[in-house]
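A.B. asks: Sending over a structure as C-alpha cells; questions will come in a sec.
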Amino acid sequence: MAPEILTRSGHGKAVDWWSLGALMFDMLTGMPPFTGDDRRKTIEKILRGKLNLPLYLTPDARDLIRKLLKRQVSQRLGSGPEDAEQIMNHNFFEHINWQDVISRKLEPPFKPSLKSADDTSQFDEQFTATVPVDSPVESTLSESANMIFQGFTYVAPSVLEEMCAQPRIVNARSPRKGFLSTGSLHSLSSRSPDGHIRTTSHFHQHRHHVVGSNNIEDTEMADIGPLFNF
C-alpha cells in the first residue's frame with residue numbers, strides 16, 4: 001500500500017506505480033519490499049524503512065524498483081505528465097515490444113502443462129494439502145434489523161427472465177385459457193407463513209398467444225396479475 005494512502009494525504013494514479021514496484025520486488029525476490037512482525041511495524045517500514053535491494057538483481061531491475069518505490073509522489077517514476085511512458089521507456093524493458101504486448105502477440109516464456117481445468121499440480125503442496133475451512137462473515141446487523149427482511153427472498157432478474165422465456169401456462173384476466181406471456185419481468189418474491197414462495201410479477205408490453213394457434217385473432221394485449229405461485 002502506497003505511503004500516501006496510509007497517511008491519508010490524498011492519492012492519485014501514482015499509487016499504481018508504487019504497487020507495480022512492490023509487485024516487481026515480490027516476483028523477483030519472493031518477498032514484499034517492506035515487512036514487519038505486525039501491521040503497525042509493516043506500516044512503519046513502508047513510511048520510514050530502508051529499501052534493501054538484493055545484489056543478485058540486475059542493475060536495471062534495482063533502478064526501476066527504486067524509482068517506483070519513491071515515497072515522494074512527485075519523484076516517483078510514472079507520476080509525471082508522461083505517465084506510463086516513463087516506465088515503458090526504462091532500460092529494464094528495452095527488449096519489450098509494447099505494440100506486441102497490446103496486440104497479444106508475445107509468446108509466454110513458460111507454459112504450464114495441465115491435465116485438466118482443475119489441475120492444481122502447479123501449486124505448492126503446503127497449500128493443496130490444507131483442509132479448506134469455511135469461515136462465513138458474521139452478521140453486523142442486529143436481530144431487530146434482520147427481522148425487517150424476514151420472509152423475503154431475492155431472485156435474480158436473469159433467472160426470472162429465463163423462467164419467462166420457457167413455455168408456461170398462466171391465468172390472465174381473460175376467458176381464454178392456456179395463454180403464454182412474453183415481456184419484461186420485474187418481480188418481488190416473499191415467503192409466506194406456510195413456507196411457500198410467492199412471486200408478484202409485473203410485465204410491460206404484455207402479449208399473450210393461445211397455445212398451438214398462429215391466428216392473429218387469438219392474440220391480445222392484457223394485464224397480468226400474479227404470474228408465478230409456487
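A.B. asks: Tell me, what is the percent relative contact order of region 3-103, built from C-alpha pairs under 8 Å that lie six or more residues apart?
C.D. replies: Over region 3-103, the number comes to 27 percent.
A.B. asks: Now a separate question. In region 9-92, which trypsin sites (Lys or Arg not before Pro) are in a loop and have at most 13 other Cβ atoms within 10 Å, using DSSP for the loop call?
C.D. replies: K13, K50
A.B. asks: Would you please name the GluC sites (Glu not before Pro) within region 28-125 that are DSSP coil residues with at most 11 other C-beta atoms within 10 Å of their C-beta?
C.D. replies: Passing both the DSSP loop test and the Cβ count: E94.
A.B. asks: With all distinct Cα pairs included, what does the Kirkwood hydrodynamic radius of region 3-103 come out to in Å, to one decimal, could you say?
C.D. replies: Answer for region 3-103: a Kirkwood hydrodynamic radius of 14.5 Å.
A.B. asks: With θ taken as phi - 60° and the coefficients 6.51, -1.76 and 1.60, list the Karplus ³J(HN,Hα) couplings across region 35-50 in order, rounded to whole Hz; mark glycine and proline as x.
C.D. replies: Couplings: 9, x, 5, 8, 4, 5, 5, 5, 4, 4, 6, 4, 7, 9, x, 7 Hz.
A.B. asks: Turning to a different aspect of this structure: Hull surface divided by four, with the convex hull built on the Cα atoms of region 1-62: how many nm²?
C.D. replies: 4.6 nm²
A.B. asks: Still on this model: Of W98, L69, S9, which is farthest along the charge dipole of region 3-103 in the positive direction, counting Lys and Arg as +1 and Asp and Glu as -1 at C-beta?
C.D. replies: S9
Read the figures in this text as sums done on the coordinates, not as results from a lab. Everything numeric here is computed off the predicted structure, so don't read it as measured data. Cβ: placed from backbone, ideal geometry, glycine included. Neighbour counts: every protein chain shown.
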